1. What distance in nm lies between label points placed 7 Å from Cα along the C-beta direction at Ala184 and Val221?
2. Would you order Asp167, Asp139, Asp14 from fewest to most other beta-carbon atoms within 10 Å of each residue's own beta-carbon?
3. About the Cα centre of segment 170-320, what is the dipole size in debye to 20, counting +1 per Lys and Arg Cβ and -1 per Asp and Glu Cβ, all else neutral?
4. With only Lys, Arg, Asp and Glu charged, each at its Cβ (+1 for the first two, -1 for the last two), find how big the charge dipole of segment 129-182 is about the Cα centre; round to the nearest 20 debye.
5. What does the charge count near Ser297 come to, summing +1 for each Lys or Arg and -1 for each Asp or Glu among other residues with Cβ under 14 Å from its Cβ?
6. Measuring from a point 7 Å past the Cα of Asp21 along Cα-to-C-beta, which residues in segment 381-398 have an amide N at less than 18 Å?
7. Please list, in order along segment 3-18, the HN-Hα scalar couplings obtained from phi with the Karplus expression 6.51 cos²θ - 1.76 cosθ + 1.60 (θ = phi - 60°), rounded to whole Hz, x for Gly and Pro.
8. Taking amide H positions as placed in the peptide plane 1.01 Å from N, state which residues far from Asp287 in sequence (5 or more) or on other chains have amide H under 5 Å from it.
Amino acid sequence: MARALFQSQSGTQDIFPSEADRRRRLVDIFAEEVTKAGYGQVIPPMFEDVGVFQRLGEASDVVSKELYSFVDQGGRNLSLRPEFTASVCRMFAQHRPLVPWKVWYTGPSFRQERPQKGRYRQFDQIGAEVIGTDDPDVDIELIAICWRFYQQIGLKNVSLVINSLGDFEDRARYLEDLQSYFKANADQLSEQSLKTSEINPLRVLDSKRPADADVIAKAPVLADYLGEPAAMSFERVKLGLTTLGIPFEVAPRLVRGLDYYGRTIFEFAATSLDAAQNAVGGGGRYDGLVEALGGGSQPGVGFALGVDRILLACDAEGVFDAVDSGPQVWVVTTTQGTEALEIVEELQTAGFRAGRSFGGRSMKAQMKAANRSGADIAVIVGESEAESGSVSIRQLRTAPPSGEVSSPSGSASQQTVIERTAMVEKVRSLLS
Ligand code: AMP
């Protein structure tokens, strides 16, 4: 009977070495940026009590439709994280570190979305949060970190939009008017949006349904409802971004998918990607979330960037390519001894990427493997080299004239015999 051939789950990705390597480099660059700004890394668990995420707001799709929730063997109601902010706030509430608490993170998040290119059910995020201060200079610092990071990796076509959702009281007045407005125009709204407007009218502004476009375009805007403190905070953010030379646009109808935001919110879009999946990062202030998780009244602000989408944007712009991390040196031996083990060890200890064949294959097969491996140099030990304490060095690729791709040089390449003690230095000089 044929064995079942399992496939990866829809919306998940199998990531192979060169792409995994590229991801790690991306995260390393991000880590460097946030570390310079004084952020420390936190590693929260990937699953929490479902209640932690429910605090993000029942009206948001992420909570109402997309949570990966399950009951474990002990009857606990758990959920895989759909994002990091709630976990970071739970962590803060539980451990009460000193404020301002400045942290960053990286890792997978899980949402049961409809998969398509750039939209996955497991995707990687990198992000940062600051808990314990409502100073808008922190909002500016966070946006500046994102901006610098995008520039570092070479992305040029990234746009920034910002808005202010005001303070709680501002929003309450606005929501009342917005709800009345939607009620008055119910006949022009899609059925789904009409339902959403009864739970959280703000989310209707997020609707991409063509049927809603007209009503949304004419809806009252939050900017007209901002109280003095929120308005001042927003002015400061705009001044700061201008001072730092970060281009932005104010988008009066920008709201974010989750319910907990207030005051500054922002989103980065990669304009080289399709509009439906071009959000490469976003964030904002959430001045009620820590309290909702039992951490007392503490303001917070943060962002999360989507690693998968950033890499798609890099592909679209032809920047931040994968780099060759294959072997530089291939060790070929035809002796029965331990030369291959020793030489590979010696080369790797000296800092080179060194590989070899296994399984006692013929010289010819090993040389073929050496050429296929992409290595620049073969170090060869036959019986005569083993006896005399020497190695043969063969260059597998000749240095190409600039602009051309190198190619295996086959039999035309030279082979030199050197003392084994001189091997590391010889390899170093050939590779440099
Ligand atoms: P959000 O909290 O929804 O704004 O997510 C922050 C960032 O994570 C977004 O700007 C995207 O870059 C990324 N992201 C969110 N959902 C997904 C997904 N399903 N697949 C890939 N990336 C995502």
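1. It works out to 1.8 nm between the two label points.
2. Working: Asp167 21, Asp139 29, Asp14 7.
The order, fewest Cβ neighbours first, is Asp14, Asp167, Asp139.
3. Numbers: 15 positive and 21 negative charges, 32 e Å.
Magnitude of the dipole: close to 160 debye.
4. On the way: 4 positive and 11 negative charges, 103 e Å.
Value, rounded to 20: 500 debye.
5. Details: positive: Arg96, Arg285; negative: Asp134, Asp167, Asp287, Glu291.
Every neighbour counted, the sum reads -2.
6. 396-397
7. Each residue's phi maps through the Karplus curve to give 6, 5, 9, 6, 10, 5, 6, 4, x, 10, 10, 9, 9, 8, x, 5 Hz.
8. Here the answer is Gly262, Gly300, since their amide H atoms fall under 5 Å of that of Asp287.
Each reported figure results from applying straightforward, stated rules to the coordinates on display, with no laboratory input. These numbers were taken from a predicted model, which means no experiment stands behind them. Backbone-built Cβ (ideal geometry, glycine too); neighbour counts: all protein chains shown.
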